[in-house]
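**Q** Before I ask anything, let me first share the structure, which is written out below as structure tokens.
The values are calculated or read from the model by the stated rules, or taken from the named source; none is laboratory data. Everything numeric in this text was worked out from a predicted model, so none of it was measured. Note: ideal-geometry Cβ built from the backbone for every residue, glycine included; neighbour counts use all protein chains shown. Ligands, DNA and RNA are stripped out before the accessible areas are found, and what is left, the full protein with its side chains, is counted by its heavy atoms. Shrake-Rupley method; radii C 1.70, N 1.55, O 1.52, S 1.80 Å.
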Amino acid sequence: MTATSPKTPPPARKTDTPLKEIPRSISVVTRKQLDDRQPGQLEDALSYLAGVTISPWGVDDRFDQCLIRGFDLCTSAIYRDGLPQKVIDFSGFKIEPYGLERIEVLKGPSSVLYGENEAGGMVNAVTKRPTDKPIYDGFLSYGSFNTVEAGLDIGGPIDDAGVWSYRLTGLVRNGALETDYSRNDRIFVAPALRWQPDAQTSLTILANYQWDRLTTNQFLPAQYGNLPRNFFTGSPDFDRFDANHGSIGYQFSHEFDDHWTVRQNLRYSQQETDYRQLYFGEWLGGPYIGADEHTVQRTLFTVDETARLFNVDNQAEYKADFGVVENKLLFGLDYSRQSVDGRNGYGAGPPLDTQNPDYSIPVTPPSLIITDRVETIGQVGLYAQNQSKIADH
């Protein structure tokens, strides 16, 4: 059973053309694959796709990261329902896989329909939609590092005529990772409502809220020797990556006749990020030198910022048959505005003895502010695409 409206084309293509007729390489991670594998984050769901390399910089819960055809683009070319949801500074707008219907990966240049993008491709996450048949789904799991997770996914028609339908997806997770003092906590809720008065008109409202308490990435050079996997390099009372983000928007579609269809997709997103980390700086006395080779000098880094995204995409599609030729003409106008208001701090932190770590040492946030900014970027795009199918080819 699909949750996608018959009048809403797959966002990664912007028309209802079947995949086999697209002269591009497009991979799709289906909902069944997501259910079978239960990925913890978006990049894990992409791990078996040809041409895609996940986590190129190692384990880093702050962002979803991947390479497509060698281009490092998952922080700059992630879309949700056909609209950009890119990383802004340290605000990653991480996507919960349980809230997705599928994931589409378009490989190769995509700027003709999506504006400024890398040549490697793009990732489009498709949100779960209201359904025309009742669904009741949920799960409860317990896993590694005492991680408890529960999810709920319900939906269906509200009235007998099926004009109104809904979907409600939620997830709660409390847990940790292999590192001491780590956190892997999340609250996610995504309501959706559809109004479809007839076969020609559809309006779907999509919203989500996500509360994350995650772990900063840990790293140490090889000269520290054989340290345990759970070794923690920061401070339990200082290190954190707390992100609260949400979005609301809609997808509207209307067919005037057999030829003309108009669509408008709109979304506003916002994330508040509180990021603090005490990380490896250098050896006291220099690398490989001195009797105190097991003591680490650490550096303080902080981020306190609010990022906002607004996107709207207006489309018009004209279909016509000219004898043996079936033609689709798509043109549109889109607008994107992103802003960030934040401060970054930097300074020296207390040292750490790797052989006898003392995590009770108080840590004071750095007084040096290296970045204090308000930045806004707006972009307007005009695009057109024509598809012709000749004698069913």
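**Q** Which residue is least open to solvent (accessible area, probe 1.4 Å), if the candidates are limited to the stretch 357-393 and must be among the hydroxyl-bearing types (Ser, Thr, Tyr) and within 29 Å of ALA316 (Cα to Cα)?
**A** Applying the first criterion (among the hydroxyl-bearing types (Ser, Thr, Tyr)) to the stretch 357-393 yields 359-360, 364, 367, 371, 376, 383, 388.
Right, trim to within 29 Å of ALA316 (Cα to Cα) and you get 376, 383, 388.
Numbers: THR376: 71, TYR383: 14, SER388: 68 Å².
Here the residue is TYR383.
**Q** Let me ask something else. Name the pairs: first residue in the stretch 18-30 and modelled with pLDDT under 85, second residue open to solvent by 50 Å² or more (accessible area, probe 1.4 Å), Cβ to Cβ under 7 Å, at least 6 apart or on different chains?
**A** Cβ pairs passing all conditions: none.
**Q** Looking at the stretch 317-356, which of its residues are loosely packed, with under 14 Cβ neighbours inside 10 Å and farther than 27 Å from PRO84 by Cβ?
**A** Across the stretch 317-356, the qualifying residues are ALA320, ASP321, PHE322, GLY323, VAL324, VAL325, ALA348, ASP353, GLN355, ASN356.
**Q** Ok, one more. What do you reckon, is LEU140 on the phi < 0 side of the Ramachandran plot and touching a Gly at 6+ places or on another chain (Cβ under 6 Å)? Steps first, please.
**A** Numbers: on the phi < 0 side of the Ramachandran plot: yes; touching a Gly at 6+ places or on another chain (Cβ under 6 Å): no.
No, not satisfied.
**Q** Looking only at the stretch 32-78, how many residues end up being of a type in the set (D, E, K, R) and either part of a loop (DSSP other than H, G, I, E, B) or open to solvent by less than 40 Å² (accessible area, probe 1.4 Å) (or both)? Even if it seems obvious, please write down each step before you answer.
**A** Here is the first cut: in the stretch 32-78, the ones of a type in the set (D, E, K, R) are 32, 35-37, 43-44, 60-62, 64, 69, 72.
Imposing the further condition that a residue be either part of a loop (DSSP other than H, G, I, E, B) or open to solvent by less than 40 Å² (accessible area, probe 1.4 Å) (or both) reduces the set to 43, 60-62, 64, 69.
Total meeting the criteria: 6.
**Q** Name the residue that is modelled with the highest pLDDT, counting only residues in the stretch 116-149 that are of a type in the set (Gly, Ala, Ser) and surrounded by 20 or more Cβ atoms within 10 Å (Cβ to Cβ). Before you say what the answer is, go through the steps one by one.
**A** Taking the stretch 116-149 and keeping what is of a type in the set (Gly, Ala, Ser), we get 119-121, 125, 138, 141, 143-144.
Next cut, surrounded by 20 or more Cβ atoms within 10 Å (Cβ to Cβ) only: 120-121, 125.
Working: GLY120: 86, GLY121: 88, ALA125: 94.
Among those residues, the one meeting the criterion is ALA125.
**Q** While we're looking at this one, here's another question. Looking at (1) open to solvent by less than 40 Å² (accessible area, probe 1.4 Å); (2) farther than 16 Å from GLY99 by Cβ; (3) in a loop (DSSP other than H, G, I, E, B), can you tell me which one ILE26 breaks?
**A** Just one mismatch for ILE26, condition (3).
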